[in-house]
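Asks: Would you mind keeping the following structure in view while I ask a few things?
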Amino acid sequence: GISTLGALAGCASPLPGTDDGGGRAVTPRPTVTADPDTSVSLTATSGTIRPASDASTTTWLYDGQYPGPELRVQEGDVLSVELANDLQEETTIHWHGIPVANPVDGVPNVTQEPVASGDTFTYKFRAEPAGTYFYHSHVGLQLDRGLLGPLIVEERDPHVAYDHEYVVVLDDYLSREPRLPSDGGMGGGGMGGMMGDVRPPYEGLLINGQLPENPPTFDVTEGDRVRFRFVNASSATVFGVRTAGHEMSVTHADGQPVEPVEADSFVFGAGERYDVVVEATNPGRWFVQANALDGNEPPARAVVEYESTDGSITPQPPSSSSNRLQYGDLRALSSLDGVSGDPDRTFDLTLSRGRNQSYTWTIDGQAYPDADPLQIRPGEHVRIRMTNQSPVVHPMHLHGHFFQVGNAIKDTVIVPGHRGQVTLDFHADNPGRWLFHCHNLYHLDAGMARVVEYV
Ligand code: C2O
Ligand code: CU
């Protein structure tokens, strides 16, 4: 679990590293039996959306909406969600980032049987810790059809002051049925762009379900402090995000509080979240915007427009200097238990494209599901070192646990291309079978996953 630094100082946490290999008793997170504080149902259906006034398309939705309805609860509340499957195929829901008990994690054939067409399944868990999360289908490429929505767990005592907040869900959008390329070709045939990678046939990049020609508007008044909760719910896009005309104070990474750090932009991998606070001190018409770092689609955008209250509008031009957030700038306000000192177990993993004819992505040469589980023991301090032997970025996500990377606590981390290396540490405190995978959905579907298994 996560403890505040204050609490940690007085806390007798178990000593790491015993001679028998480090395994220590950890009890499985109990299935929640308490009555829920919030009960909702989500129906997965197909339906029509209008991402721009002159564009409509049929896709898959939760409760007829894309993005799906915002779920918002207080930290520690018990949330119960009944999924009703009105699709013609099986589905599940995963609660991205929340360390739930294993049976409700929503991974088909790993934590549950997929929910058949016409069936229902109830997920019940305690929503903690506070943070910005999202939920999505974990079956095949369904996330890319629109089966996703924001999940906000409100903190009781935010460490930053703000006047109001907006949730900003970024996505890349497909109007056609998504599918993997049928061969191992180098992404040819209209998929161009990323060398050696598949690039889906985008219809456009979206903020909160709207294409750039029909951007949503965020109401702001001069002097407001506005919290934006950014969610990268896209299937394959690494975004560069900025709030034009305004510096951002980054306050949370993957939902977890950090020492506020000033930046004018950040790089945003699929599955990551950042919360930022922006002060409305530069009246005018501005865009919150997100461009694909490796593509040339028009950037997703939302409008922020406000006037000077005394009528003297003096907009400052966007600054030409660049102050892009780096992972190294992030300092978590809390610390993760059980990851100090030397690890009990280390995995060195290579991320690479498969060598065979078919389109595959591998972790240490193996493509899921034909891949060995990463076996760990309860209580261990586990380290995963990743080296990316491909030219493209892999946003790697671990289910059921937060991990420490540098001084940040995250659940999804970008491993840069061209031999980029990232090391993460986590405490094996949530027994079960958990997926560890690339959150580029096309890489996941092509094998870039392993099960982390407690033995
Ligand atoms: Cu959003 Cu397996 O992940
Ligand atoms: Cu990947």
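Asks: Mind checking which residues of the stretch 415-429 are more than 16 Å from ligand 2 (Cβ to nearest atom) and either surrounded by fewer than 24 Cβ atoms within 10 Å (Cβ to Cβ) or of a type in the set (D, E) (or both)?
Replies: T423, D425, D429
Asks: Also, quick follow-up: Among the numbered conditions (1) surrounded by 15 or more Cβ atoms within 10 Å (Cβ to Cβ); (2) polar (S, T, N, Q); (3) more than 23 Å from H401 (Cα to Cα), tell me where T58 comes up short.
Replies: (1)
Asks: Using the structure shown, decide if V26 is of a type in the set (V, I, T) and either surrounded by fewer than 18 Cβ atoms within 10 Å (Cβ to Cβ) or at pLDDT 95 or above (or both).
Replies: Criteria not met by V26.
Asks: Please indicate, with yes or no, whether at least one residue in the stretch 306-324 is within 16 Å of ligand 1 (Cβ to nearest atom), open to solvent by 80 Å² or more (accessible area, probe 1.4 Å) and either at pLDDT 95 or above or not in a strand (DSSP E or B) (or both).
Replies: Looking for residues that are within 16 Å of ligand 1 (Cβ to nearest atom), open to solvent by 80 Å² or more (accessible area, probe 1.4 Å) and either at pLDDT 95 or above or not in a strand (DSSP E or B) (or both), one finds none in the stretch 306-324, hence no.
Asks: For residues in the stretch 333-357 being in a loop (DSSP other than H, G, I, E, B) and surrounded by 15 or more Cβ atoms within 10 Å (Cβ to Cβ), which is nearest to ligand 1 (Cβ to nearest atom)?
Replies: G354
Asks: OK, next. Determine the pairs where a residue that is open to solvent by 60 Å² or more (accessible area, probe 1.4 Å), located within the stretch 103-120, has a partner that is assigned to a loop (DSSP other than H, G, I, E, B) and of a type in the set (G, A, S) with Cβ atoms under 8 Å apart, the partner being 6 or more residues away or on another chain.
Replies: Final answer for the pair search is P103/G432.
Asks: While we're on this one: Checking the conditions here, which among P431, P395 is modelled with pLDDT of 95 or more, part of a loop (DSSP other than H, G, I, E, B) and in contact with a strand residue (DSSP E or B) (Cβ under 9 Å, 6 or more places away or on another chain)?
Replies: P431
Asks: Still on this structure: Would you check which residues across the stretch 221-237 are open to solvent by 20 Å² or more (accessible area, probe 1.4 Å) and part of a loop (DSSP other than H, G, I, E, B) and list them? Can you show your working first?
Replies: Kept after step one, since they are open to solvent by 20 Å² or more (accessible area, probe 1.4 Å), are these residues of the stretch 221-237: 221-225.
Selection gives T221, E222, G223, D224.
Asks: Within the group Q74, Q88, Q65, which residue is over 30 Å from L211 (Cα atoms) and not assigned by TED's automatic domain parsing to the domain that holds D411?
Replies: Q74
Asks: Provide a single number: the residues in the stretch 268-282 that are within 16 Å of ligand 2 (Cβ to nearest atom) and either among the aromatic types (F, W, Y) or closer than 17 Å to E307 by Cβ (or both).
Replies: Counting residues in the stretch 268-282 that are within 16 Å of ligand 2 (Cβ to nearest atom) and either among the aromatic types (F, W, Y) or closer than 17 Å to E307 by Cβ (or both) gives 1.
Asks: Shifting gears a bit: Of all the residues that make up the stretch 394-414, how many are within 16 Å of ligand 1 (Cβ to nearest atom) and either open to solvent by less than 10 Å² (accessible area, probe 1.4 Å) or farther than 16 Å from Y274 by Cα (or both)?
Replies: Residues meeting the conditions: 13.
Asks: Among the candidates P343, P373, P431, P395, which residue alone is over 18 Å from A236 (Cα atoms) and touching a His at 6+ places or on another chain (Cβ under 6 Å)?
Replies: The unique qualifying residue is P343.
Asks: Another question about this same structure. Looking at this structure, is T43 of a type in the set (V, I, T) and within 26 Å of G269 (Cβ to Cβ)?
Replies: So T43 does not fit the description; no.
Asks: Going by what's in this entry, would P369 be described as away from ligand 1 (no atom under 16 Å from the Cβ), open to solvent by 30 Å² or more (accessible area, probe 1.4 Å) and either in a strand (DSSP E or B) or in contact with a Gly (Cβ under 9 Å, 6 or more places away or on another chain) (or both)?
Replies: No.
Asks: Restricted to the stretch 434-448, and to residues that are part of a helix (DSSP H, G or I) and of a type in the set (A, V, I, L, M, F, W, C), which residue is nearest to ligand 2 (Cβ to nearest atom)? So that I can check it myself, show each step before the final result.
Replies: First pass over the stretch 434-448, keeping only residues part of a helix (DSSP H, G or I): 441-445.
Remaining after also requiring of a type in the set (A, V, I, L, M, F, W, C): 441, 444.
Details: L441: 9, L444: 7 Å.
If we take residues in the stretch 434-448 being part of a helix (DSSP H, G or I) and of a type in the set (A, V, I, L, M, F, W, C), then L444 is nearest to ligand 2 (Cβ to nearest atom).
Asks: What pairs come out if I take residues in the stretch 124-142 that are within 18 Å of D275 (Cα to Cα) and of a type in the set (S, T, N, Q) and pair them with residues that are at pLDDT 95 or above and within 14 Å of ligand 1 (Cβ to nearest atom) whose C-beta lies under 6 Å away, six or more apart or interchain?
Replies: T132/G255; T132/R273
Asks: Restrict the check to the stretch 373-380 and report whether at least one residue is within 13 Å of F347 (Cβ to Cβ), within 16 Å of ligand 1 (Cβ to nearest atom), β-branched (V, I, T) and not in a loop (DSSP other than H, G, I, E, B).
Replies: No, because not a single residue in the stretch 373-380 is within 13 Å of F347 (Cβ to Cβ), within 16 Å of ligand 1 (Cβ to nearest atom), β-branched (V, I, T) and not in a loop (DSSP other than H, G, I, E, B).
The values are calculated or read from the model by the stated rules, or taken from the named source; none is laboratory data. Please read these numbers as outputs of a predicted model, since none were measured by experiment. Note: ideal-geometry Cβ built from the backbone for every residue, glycine included; neighbour counts use all protein chains shown. Only protein heavy atoms, including side chains, enter the accessible area calculation; ligands, DNA and RNA are left aside. Shrake-Rupley method; radii C 1.70, N 1.55, O 1.52, S 1.80 Å.
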